[in-house]
């Protein structure tokens, strides 16, 4: 995705549904992320949603103890 940042809540990029460059905005975050930190983005033209960022583990990985 190409990125031309215009603000923390707005960017342009390629929308798969519109098949072209469109403006994307961050909707109001239900997960209480800080302003500009939410990975969810929505196309202003069609509403197609994308999640940008790296995956985070929901819980720590348990390591096997070796003796």
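Quick note: the coordinates plus some simple rules give every number you see, no bench work behind them. What you see is a predicted model; the values in this text were computed from it and never measured. Neighbour counts run over all protein chains shown; Cβ positions are idealised from the backbone, glycine included.
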Segment residue 28-residue 65, length gained on full extension (0.36 nm per residue, minus Cα span): 9.0 nm
Label model pair residue 19, residue 46: point-to-point distance (7 angstrom along the Cα→beta-carbon line) in nm is 0.9 nm
